[in-house]
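Each value in this text was obtained by applying a stated rule to the coordinates, not by laboratory testing. It should be emphasised that the depicted structure is a prediction, and the values quoted were computed from it without experimental measurement. Note: ideal-geometry Cβ built from the backbone for every residue, glycine included; neighbour counts use all protein chains shown.
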Amino acid sequence: MSKKVIYIITGLIITVLSIYNLSSPKSQPVTFSEKVKLALRDAGNQLLLANQDSTSRILPIKKLEPLKYELSFEKPLTIEPDSLVDILERSLNKAKLPNEYLTEVLQCVDQEVAYSFDMKKSIDTDVIPCGGRDLPKNCYTITVRFTNGLQTNENNTIWWYILLTSGFLLIALGFLKKIPKDSTVPEDKNHLAIGSFNFYPEQNKLVKQATEISLSKKECEILAIFVARPKKIIKRDEITKAVWEDNGVIVGRSLDTYISKLRKKLQSDSSIKLSNVHGVGYKLEIEQ
């Protein structure tokens, strides 16, 4: 099948889907509050499973303020800060909720803050304290307050109009553009293999087959440390010193969050495992 035909077919599919979604009657949307409660129950369930607890209840999610919600549990539990950051981020992203929020873990007895973090859109403005020390088994409540307003259904309509325009453009390209027969790009040999990925440290990217995954400068520096010493435990202090100390700058976003971002970018290859060695550091393992 020629590329011109692919352009036309793809454009037609996008156009038809966009017209259908823009013209079809809209069902009653799920409210913001309902989405938050579902996402927090999902996060609470994952926290309980991390505690090997599949029987105790998650108490009803409370709405404390218009943008602030409380998650609580029937029984005491242990909370690992690294896992809490990752679990909440996954659950809220899955529910397509705003990605700027302040989270606090409160002790039930005195309502003192045992742990907190502030998630922002910008990598360098997140404030996430370093993990490594679990919160001991106790009664905790977790509050999440969204700090940058709500997303409305108007955003979805705008995206459908953008897709509709893209569909028309693809159809036009299919009829008008002449695709060169040989459009291959010479392969850059200066790379390192990580499982099914090729790592280009000088270009700050990973490549898997024809897919490129961009890396930030610090993600690239951290990954290079692991690649140089596979299957070896790299201490947290060593990574922090190598990546940040020489610049004389202390950033708000923690090492743990950069590790989380790298895990997501490598997750399509199940043979790659970037594991947390509790209380020590991290280790990159690649199954042969």
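Other residues within the sphere of radius under 13 Å centred on the Cβ of T55, judged by their own Cβ, net out at 0 (K and R +1, D and E -1).
Across the alpha-carbon atoms of the range 32-146, the computed radius of gyration and Dmax are 13.1, 39 angstrom. Sorting 198-210, 34-46 by average packing, meaning the other beta carbons within 10 Å per residue, from highest down gives 34-46, 198-210. My understanding is that a pair violates if its Cα-Cα distance is over 20 Å; which of K205/K264; K120/K218; K75/K96; K37/K137 do that in this structure? Result: K75/K96; K37/K137 exceed 20 Å. Charge tally for Y69 (other residues, Cβ to Cβ under 12 Å; Lys, Arg +1; Asp, Glu -1): +3.
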